[in-house]
Each structure stands twice: as structure tokens, then as C-alpha cells.
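The next block holds one structure in the form of C-alpha cells; read it before the comments.
The values are calculated or read from the model by the stated rules, or taken from the named source; none is laboratory data. Computed from a prediction, not measured in an experiment: that's the story for all the values here. Cβ: placed from backbone, ideal geometry, glycine included. Neighbour counts: every protein chain shown.
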Ligand SMILES: CC(=O)N[C@H](C=O)[C@@H](O)[C@H](O)[C@H](O)COP(=O)(O)O
Ligand SMILES: C=C(OP(=O)(O)O)C(=O)O
């Protein structure tokens, strides 16, 4: 049984707990707080557990030359990458407003800390847990800082190899046991053959104490549903109001219809995964009564006959009686009453 922990108030993640579904708003709000609120509403309507934003301190996250670099892309909000990124950053007051808005809708709220300064920002904002995006998956000093906050951590592992993930987990786990790791491939959209859902099992084997999940950037919901079927404890997908909008992430984000289908699908899959104990189910009873086989008498036999194998066969009979798997146990038993050919052997037929 894998380790589980309380990720947000009264909501645990891990084996035996429902999959925690994070609707990643990221920067799909276009820098507009009203769009951000519409996305929060959409996530709530669709039944997601949490909304997530991306928090950067641009000078802590990027070098000056990266900020000054020309950003020639159909997705650019400014002529340099710095201008582009500035448009997409919300202020502290806006974060507070969005968090309060989420709370009023009863949906959890957090953001990924994209640099050291943003770790402090989010701690001060009092988010319930920290998300670490793949860009920081190998940023060991930031991971240590995040772990030392004692907040639970959801840690994405795009662009990394196993050795780095092991080192990162060692760093975090030496200060904080509440780390959930997500398989992730950081390409937008991710080609199906580069998703590698099986890595979740590798993580389970390596980190049996940690919940495991999936952060997806592929098109559609099939692969993410498969992640749920493979037992993901946490799932994260970008969401959008319109896939055709300007922005790097819209095209591989889920629209409202898809998010709703994803949440419904995950909940259905959870029910269907059930438990690992094989047993006859209550809903099978009608079928068992109609088509379940029983031991029946091959011929008319009188009371007092001692049963042998040749007296008995297996058919669908009425009522349902002695179970075929126990036919051998009837051999040697004495009939308490006469039985007809094709009569079901029931308990009261034998002494
Ligand atoms: C690795 C990582 O951080 N990826 C994030 C999460 O998936 C993305 O949302 C990026 O922030 C986004 O694609 C960047 O787009 P641009 O560079 O156009 O602002
Ligand atoms: C980049 C992020 O996530 P992921 O690596 O899971 O896509 C993020 O949370 O900001």
C-alpha cells in the first residue's frame, strides 16, 4: 500500500483515495483576471478539485538576456520574451482576488512556484500545497527550499531522466515526506509515443512511499483517462476557454466539454477499478439465478441411494442448487428423498 497524505484540507491523495484533478489555468488567462475567473468557474462546473496558476518572478526565473530576447511567435504578447511574460503575470493583489474567488466557489487553489522568490510568494499567499513544474524538476536548491516550507508538494518530472528524479526526490524527502511525483513530457502537444504512462509504475516501484500521478500535454482525454485507469493519484491538465486563442498552451488544453468528460471518466474509472478481491457481486445474482449451473441428477433415483459420479451431471437447473465446483463432495452421500431425472440437487436432498 503506497503512502498517502493530506494534500489540501480534508482531501488525501494516495492509494484508496479519489484521484485529485488539477485544472491547470497556467497562463491561458491571457493576463486578464476576468478570463481567469471564467476559467475557475469552468473548472468548478466540470468537477475539477483544484485550479492552478503559474507564478514567476521574472528576474528570478529568467536571465536578463532571455528577458530581452526577441519573441517572434504567433503566441507572443510582446516583442521581447520579457514583455510577453510580463503581460501574463498577475500581481499579489490579483492572486489574492483569484484565491478568494476560488474559495467562494469551493474549489482549491494553488500555483506552481517557477523560481525561489515565487516559493516565498506562494507560502505568504497561504496556498495549501506547492506545485513544482518540470522547468524546476532538476533545480535541487529550489526543491530543497520548497521542501523546507513543509507544504505538500506536487512535483512534475518533464525533461528529466530517472537519475535526476531520484536525486530530486532524495533532496525533497530529506525534509518533507509529502511529495507526489507526476510523470510528464514537456511538449505541446505531446506525441502519443512520448507520453510513457508506464513511468508511473517505475515511480511507484522506486518511491513506494509517494503518491504518483500524471501531468499531460497531449491532445484529447484518452491518454489521461488511461493514466487514471493505471491508478494515477493526481492528474493535471491545462484548460482553456478557446483552443484557438493566442498562447502556447491553448491548443493542447481541454475545453469545457473535454474537462467535464475527463472528470466524469476518471470518477467512473475509479468506481470500476474497485478492489482486488475476487467475489460474486450483488448485481450478478439475477444472471446466476437464470444461467448459473448446478449439479443435477442424470436419472431418477430413490431415497437411500448412495451417490456416485455417474448419477450426476451439471446443467442450468431450477432452483439453483449444489455448486458444480463441489460435485465431488456429493460422491458417497446418501439421498434423503427421491429425485427425478434433471432435478437439481439441493442441500435437503442429502442426509
Ligand atoms: C515547462 C513549463 O513551464 N511548462 C508550462 C506548463 O505546462 C507551460 O505552461 C509554459 O509556461 C508555456 O508553455 C510557456 O509558453 P510561452 O513561452 O509562450 O510563455
Ligand atoms: C510547468 C508546469 O507543470 P508541468 O511540468 O506538469 O507541465 C507547471 O506546473 O507550471
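A few comments on the model shown:
- Any hit, the range 278-288, residues being outside the structural domain of residue 161 (by TED's automatic domain parsing), touching a residue at least 12 places away in the same chain (Cβ under 8 Å) and in a helix (DSSP H, G or I): yes
So that you can scan it fast, the table gives a plain yes or no per residue for (1) under 23 Å from residue 226 (Cα atoms); (2) out of contact with any helix residue (DSSP H, G or I) (no Cβ under 8 Å at 6 or more places or on another chain):
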position	(1), (2)
8	no, yes
13	yes, yes
25	yes, no
28	no, no
31	no, no
36	no, no
55	no, no
68	no, no
72	no, yes
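- Residue match in the range 237-245 (condition: surrounded by fewer than 18 Cβ atoms within 10 Å (Cβ to Cβ), assigned by TED's automatic domain parsing to the domain that holds residue 182, over 26 Å from residue 162 (Cβ atoms) and in contact (Cβ under 8 Å) with a residue 40 or more places away in the chain): yes
- Count of residues meeting criterion [on the phi < 0 side of the Ramachandran plot and part of a loop (DSSP other than H, G, I, E, B)] in the range 163-222: 24
- So residue 144, is it closer than 15 Å to residue 120 by Cβ, in a helix (DSSP H, G or I) and away from ligand 1 (no atom under 16 Å from the Cβ): yes
- Across the range 98-135, the number of residues qualifying as more than 13 Å from ligand 2 (Cβ to nearest atom), under 19 Å from residue 37 (Cβ atoms) and either under 24 Å from the mean Cα position of the chain (by Cα) or not assigned by TED's automatic domain parsing to the domain that holds residue 146 (or both) comes to 8.
- The listed residue being within 16 Å of ligand 1 (Cβ to nearest atom) and surrounded by fewer than 16 Cβ atoms within 10 Å (Cβ to Cβ), out of 68, 15: 68
- Hey, residue 151 in the same structural domain as residue 216 (by TED's automatic domain parsing), crowded, with 18+ Cβ neighbours inside 10 Å, within 14 Å of ligand 2 (Cβ to nearest atom) and within 20 Å of residue 53 (Cα to Cα) or not: no
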